[in-house]
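What follows is a short report on a single structure.
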Amino acid sequence: MQTFEQIQQQIVDLQKQADAMRKQAMTAAIKEVKRLVNLYSLGHADIGMTVGGTPAKKGTATAKASKPAKPVKNAKKSSSDKRAAVAPKYRDSETGQTWTGRGKAPTWLATKIAAGATKESFKI
């Protein structure tokens with residue numbers, strides 16, 4: 001019969017083994033995700049990732065927290081909504097966050113500028 005200490009040591013050994021296997025699987029998964037992101041030029045919003053703790057909306061650097069959208073039956077764009085989406089002009093290559101250059105600069109850009117970077121260095 002095994003002792004308590006022996007069982008505890010087995011648990012520690014198995015946890016180390018599980019951690020190593022998880023790390024190996026994560027490395028392979030990250031490599032594949034990076035390949036696909038680069039292949040299709042995907043950003044956070046394209047894949048529904050969160051940015052800053054809130055859901056990312058397509059075409060924005062970050063999304064503000066809001067109430068969940070209610071399903072709308074037969075939703076059509078009104079003829080008065082003629083504004084087109086504005087293409088982003090600035091991108092953070094590390095995170096993929098973008099900014100159109102309109103309105104107040106996003107936090108990620110203001111932080112980088114405060115750290116010594118120039119706004120022009122993020123131009124797309």
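The values are calculated or read from the model by the stated rules, or taken from the named source; none is laboratory data. These numbers were taken from a predicted model, which means no experiment stands behind them. Glycine gets a Cβ as well: all are built from the backbone with ideal geometry, and neighbour counts include every protein chain shown.
General observations
- Between Thr111, Thr118, Thr107, the distinction of being modelled with pLDDT of 85 or more, loosely packed, with under 10 Cβ neighbours inside 10 Å and either β-branched (Val, Ile, Thr) or touching a Phe, Trp or Tyr at 6+ places or on another chain (Cβ under 6 Å) (or both) belongs to Thr118 only.
- Filter result for Met21 (of a type in the set (A, V, I, L, M), farther than 28 Å from Pro88 by Cβ and surrounded by fewer than 10 Cβ atoms within 10 Å (Cβ to Cβ)): no
- Some residue of the stretch 58-74 being surrounded by 12 or more Cβ atoms within 10 Å (Cβ to Cβ) and either at pLDDT 95 or above or among the hydroxyl-bearing types (Ser, Thr, Tyr) (or both): yes
- Per-region count, the stretch 85-100, residues over 18 Å from the mean Cα position of the chain (by Cα) and modelled with pLDDT of 90 or more: 1
- Of all residues in the stretch 84-113 being among the aliphatic types (A, V, I, L, M) and assigned to a loop (DSSP other than H, G, I, E, B), the one that is nearest to Val33 (Cα to Cα): Ala87
- Entry remark, the stretch 27-50: residues being part of a loop (DSSP other than H, G, I, E, B) and not hydroxyl-bearing (Ser, Thr, Tyr) number 5 in total.
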